[in-house]
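The values are calculated or read from the model by the stated rules, or taken from the named source; none is laboratory data. Treat the numbers as computed from the prediction; the structure is a model and nothing was measured. Please note: Cβ atoms are built from the backbone with ideal geometry, for glycine as well, and neighbour counts cover all protein chains shown. Accessible surface areas use protein heavy atoms only, side chains included; no ligands, DNA or RNA. Shrake-Rupley method; radii C 1.70, N 1.55, O 1.52, S 1.80 Å.
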Amino acid sequence: MKKLFSLTFMVVLLLLAACSGNAAGIPQTGSTATAPVAATAANPVVVPTAALTASASSPAPAATTGGAGAISCAAPAPVTTSLTEGPYWKSGSPERSSLLDAGVTGTKLVLTGYVLTTDCQPVAHALLDFWQADAQGQYDNSGYTLRGHQYTDASGRYTLETIIPGLYPGRTEHIHVKVQAPNGPVLTTQLFFPGVSQNQSDGIFDQSLVLPLEKSADGYTAAFNFVVNGQ
Ligand code: FE
């Protein structure tokens with residue numbers, strides 16, 4: 001009798017175990033619940049944004065920028081196109097990120113971006129030296145109006161406050177810049193503006209150097225990253 005009771009008890013236990021199964025949510029060794037989930041249309045795998053904007057082989061650049069400030073770069077990134085310096089560069093420009101001296105008039109432009117290596121790594125303390133014509137197309141060749149140099153911050157970022165330059169004979173609107181990583185060569189180039197009819201007749205114009213202007217409350221903003229050799 002005692003043996004029969006024990007047997008019945010074991011059968012009841014076995015039945016209970018069979019009924020509970022995984023539906024009870026009890027973790028089990030080797031359970032498929034811990035296996036990687038395959039991507040399907042109904043269950044897509046979400047890739048972090050940082051992995052889409054930086055090369056897979058390099059760490060994600062400073063994540064402090066976020067949103068519109070995110071670095072868009074795919075390694076190996078082509079070095080920014082070099083263009084002629086022209087006749088008006090002057091050494092010794094003041095160090096500053098705003099060229100908006102008193103007396104400078106025109107449409108305000110805030111230019112931001114990064115200096116990057118060809119493997120999409122931000123370059124800290126890279127030099128950027130900007131110079132440009134005023135809204136009437138005139139360069140200041142006796143002083144330093146609309147001229148200034150600065151260095152990228154620890155995250156490789158720069159900001160320039162200036163105005164949209166005017167046209168001068170033979171040229172479309174452009175801003176000159178020299179960019180140099182701390183241990184790299186100087187890259188000299190020019191930045192252009194979208195929708196300027198003279199772009200088509202300017203022999204120096206390059207489409208890859210057109211700023212993506214966005215209207216702001218008091219002018220325009222644009223984001224532009226420079227890719228340089230060296231680091
Ligand atoms: Fe020029």
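Points worth noting:
- Taken together, Ala154, Ala126, Ala133 contain a single residue that is small (Gly, Ala, Ser) and farther than 26 Å from Pro76 by Cβ, which is Ala133.
- Test: residue in the range 73-83 that is within 22 Å of Val228 (Cβ to Cβ), outside any loop (DSSP other than H, G, I, E, B) and at pLDDT 95 or above: no
- Odd one out for Ala68 among (1) within 16 Å of the ligand (Cβ to nearest atom); (2) modelled with pLDDT under 95: (1)
- So Trp131, is it in contact (Cβ under 8 Å) with a residue 60 or more places away in the chain, among the aromatic types (Phe, Trp, Tyr) and within 14 Å of the ligand (Cβ to nearest atom): no
- Some residue of the range 108-120 being touching a residue at least 12 places away in the same chain (Cβ under 8 Å), under 25 Å from Gly184 (Cα atoms) and in contact with a His (Cβ under 9 Å, 6 or more places away or on another chain): no
- So Thr152, is it touching a Phe, Trp or Tyr at 6+ places or on another chain (Cβ under 7 Å), more than 16 Å from the ligand (Cβ to nearest atom) and among the polar types (S, T, N, Q): yes
- Any chance Asp140 is more than 18 Å from the chain's Cα centre (by Cα) and free of Cβ contacts under 8 Å to residues at least 12 places away in the same chain: yes
- Within the range 188-231, the residues that satisfy the criterion of being under 28 Å from Pro76 (Cβ atoms), away from the ligand (no atom under 16 Å from the Cβ) and part of a helix (DSSP H, G or I) are Gln207, Ser208.
- With respect to (1) of a type outside the set (D, E, K, R); (2) farther than 21 Å from Gly86 by Cα; (3) surrounded by fewer than 21 Cβ atoms within 10 Å (Cβ to Cβ), the lone exception for Thr152 is condition (3).
- From the list Ser208, Ser197, the lone residue that is polar (S, T, N, Q), surrounded by fewer than 17 Cβ atoms within 10 Å (Cβ to Cβ) and in contact (Cβ under 8 Å) with a residue 60 or more places away in the chain is Ser208.
- Lone unmet requirement of (1) in a loop (DSSP other than H, G, I, E, B); (2) surrounded by 17 or more Cβ atoms within 10 Å (Cβ to Cβ) for Asp101: (2)
- Checking Thr172 against (1) open to solvent by 10 Å² or more (accessible area, probe 1.4 Å); (2) within 16 Å of the ligand (Cβ to nearest atom); (3) among the hydroxyl-bearing types (Ser, Thr, Tyr), the condition it does not meet: (1)
- Unmet requirement for Gln136, which otherwise passes all of (1) assigned to a strand (DSSP E or B); (2) farther than 17 Å from Pro87 by Cα; (3) within 14 Å of the ligand (Cβ to nearest atom): (1)
- Meets criteria (out of contact with any Phe, Trp or Tyr (no Cβ under 6 Å at 6 or more places or on another chain), more than 15 Å from the ligand (Cβ to nearest atom) and of a type in the set (Lys, Arg)) for Arg96: yes
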